[in-house]
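Chemist: The structure under discussion is supplied below as structure tokens; questions concerning it will follow.
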Amino acid sequence: MYVYCSHPIHYIIPPSRAKAARKLIHQHPAPTSDMSAFFSGFMITASLIAAIGAQNAFVLKQGLLKQHVGVVVWICWLCDFALISTGVFGVSALLADSPKATALMALAGGLFLLAYAWRSAKSAWQGNGILTPDTAPTAPSPFKTAAATLALTLLNPHVYIDTVMLIGGAAAPLPPTGKWHFLAGALSASGIWFTAIGYGARLLLPLFRREHTWQILDSLIALMMLYLAFGLLKQAAAILL
């Protein structure tokens with residue numbers, strides 16, 4: 001089913017992602033009905049989207065601060081709508097033949113995540129006091145929040161691997177009607193996930209009424225961003241050099 005995980009994708013998808021793709025193949029074989037196509041799209045997307053990453057960390061933090069949560073959730077879902085739709089209807093094969101384009105995306109994403117890691121590390125070191133919706137600094141404009149959300153989403157090549165290649169590749173054997181049901185399932189999983197972590201984050205507010213908790217969160221975010229950044233830069237170097 002995942003015909004795009006062979007040559008030349010093995011130059012692009014890290015071994016851990018390729019292993020995950022093979023696991024999903026066995027867990028979610030090609031659907032045979034519209035309902036099973038919907039369920040397959042839902043489960044495959046849910047399995048991939050729940051991984052810890054820069055985008056999910058950003059949505060969680062915006063949810064904790066109650067800053068433009070609706071804008072963030074909608075942009076994340078709309079990006080998934082565009083990318084998964086692109087993958088389901090066949091562009092994954094085209095991207096599979098463009099390793100240099102993937103390398104350039106990896107380079108841009110790595111540099112962006114390095115800057116974001118520095119910002120989070122600085123915040124963790126200095127401490128910003130107890131940040132709650134009532135005590136947080138003035139929220140950036142919706143436009144700036146939207147720009148940050150788009151950058152964290154679209155400058156990460158793994159987003160394209162997951163949405164366009166892996167999720168899109170899973171729909172490859174389906175007939176046109178099945179593809180539409182698969183897409184509906186995938187987008188349902190995306191919408192539920194981002195809504196849950198964006199608006200559900202406020203349930204964790206009691207933990208974040210202590211400055212130490214925010215410093216721990218910022219430290220973890222900085223480490224995660226740093227790890228992702230070096231992974232992307234290493235990936236870009238392996239292709240370009």
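Chemist: Calculate the FRET efficiency for Phe143 and Arg210 from the Cβ-Cβ distance with a Förster distance of 45 Å, rounded to the nearest 0.05. Spell out each step's value before the answer.
Modeler: Working: r = 32 Å, r/R0 = 0.70.
About 0.90, to the nearest 0.05.
Chemist: Would you mind checking the pairs Lys66/Lys100; Lys179/Lys234; Lys100/Lys144; Lys66/Lys234; Lys144/Lys179 and listing those with alpha carbons more than 32 angstrom apart?
Modeler: Details: Lys66/Lys100 39 Å; Lys179/Lys234 35 Å; Lys100/Lys144 30 Å; Lys66/Lys234 35 Å; Lys144/Lys179 35 Å.
Listed pairs above 32 Å: Lys66/Lys100; Lys179/Lys234; Lys66/Lys234; Lys144/Lys179.
Chemist: Quote the Stokes-Einstein diffusion coefficient, in whole µm² s⁻¹, for the stretch 184-236, based on the Kirkwood radius over alpha carbon pairs, a temperature of 20 °C and a viscosity of 1.002 mPa s.
Modeler: The calculation lands on 157 µm²/s.
Chemist: Please give the length that would be gained between Arg202 and Tyr227 if that part of the chain were fully extended, namely 0.36 nm times their separation in residues minus their C-alpha to C-alpha distance (nm, one decimal).
Modeler: 6.3 nm
Chemist: Work out how much length Leu150 to Ala115 would gain on full extension: take 0.36 nm times their residue separation and subtract the Cα-Cα distance, in nm to one decimal.
Modeler: 11.1 nm
Chemist: Fewest first, what order do Asp34, Asp218, Asp162 take by the number of other Cβ atoms within 10 Å?
Modeler: Ascending number of Cβ neighbours within 10 Å: Asp34, Asp218, Asp162.
Chemist: Rg (Å, one decimal) plus Dmax (Å, integer) for the alpha carbons of the stretch 151-207?
Modeler: Cα only, the stretch 151-207: 15.0, 49 Å (Rg, Dmax).
Chemist: Select from the stretch 153-237 those trypsin sites (Lys or Arg not before Pro) which occupy a DSSP coil region and have at most 14 other Cβ atoms within 10 Å, ordered by residue number.
Modeler: Answer in residue order: Arg210.
Coordinate-derived values only; no laboratory data. The shown structure was predicted, so the numbers you read here are calculated from the model rather than taken from an experiment. We place every Cβ from the backbone using ideal geometry, glycine too, and count neighbours over all the protein chains shown.
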